[in-house]
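Enquirer: One structure, as structure tokens, below. Some questions next.
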Amino acid sequence: MFDFQFNGQQLCVDAAREDGSLGRLVNDDEVNPNSKIKVTRVDGRPHLCLFALKDIGSGEEITYNYGNSDWPWRSKVVI
Ligand SMILES: C[S@@+](CC[C@H](N)C(=O)[O-])C[C@H]1O[C@@H](n2cnc3c(N)ncnc32)[C@H](O)[C@@H]1O
């Protein structure tokens, strides 16, 4: 679950819920994301929309930065 604040409202991406949106399939890239999430109003309702930060090639994974959190996959494992 990834939360965003918008005009005092809390919006979230619930990756566990199949709601027909594709945004829930986008992974995190803290260092070099190729898209960014912005809240956009459509018909008066807020939507979380992805905008490209650079050209994204066919077959290239779309990513965005989930923000400042200690996401477990960002930890470096030293063996
Ligand atoms: C919004 S979903 C992204 C889509 C998910 N990977 C899938 O296949 O349904 C968020 C979940 O994806 C995984 N995830 C996202 N970014 C990741 C990354 N950079 N490395 C490893 N797992 C990641 C984590 O399990 C996270 O809880």
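The values are calculated or read from the model by the stated rules, or taken from the named source; none is laboratory data. In this text, all values refer to a predicted model and were calculated from it rather than measured experimentally. In this analysis, Cβ positions are derived from the backbone assuming ideal geometry, glycine residues included, and neighbour counts consider all displayed protein chains.
Enquirer: Taking the conditions exactly as written (on the phi > 0 side of the Ramachandran plot and more than 10 Å from the ligand (Cβ to nearest atom)), does Asp43 satisfy them or not? So that I can check it myself, show each step before the final result.
Expert: Numbers: on the phi > 0 side of the Ramachandran plot: yes; more than 10 Å from the ligand (Cβ to nearest atom): yes.
For Asp43, the condition - on the phi > 0 side of the Ramachandran plot and more than 10 Å from the ligand (Cβ to nearest atom) - is met.
Enquirer: Say whether the condition of being in contact with a Pro (Cβ under 8 Å, 6 or more places away or on another chain), modelled with pLDDT under 85 and either more than 10 Å from the ligand (Cβ to nearest atom) or within 24 Å of Ser75 (Cβ to Cβ) (or both) is met by at least one residue in the range 9-24.
Expert: yes
Enquirer: Mind listing whichever residues of the range 50-79 are at pLDDT 90 or above and aliphatic (A, V, I, L, M)?
Expert: Within the range 50-79, Leu50, Ala52, Leu53, Ile56, Ile62 qualify.
Enquirer: I would also like to ask the following. For the range 60-79: of the residues being closer than 16 Å to Leu25 by Cα and β-branched (Val, Ile, Thr), which is nearest to the ligand (Cβ to nearest atom)?
Expert: Only one residue fits best here, namely Thr63.
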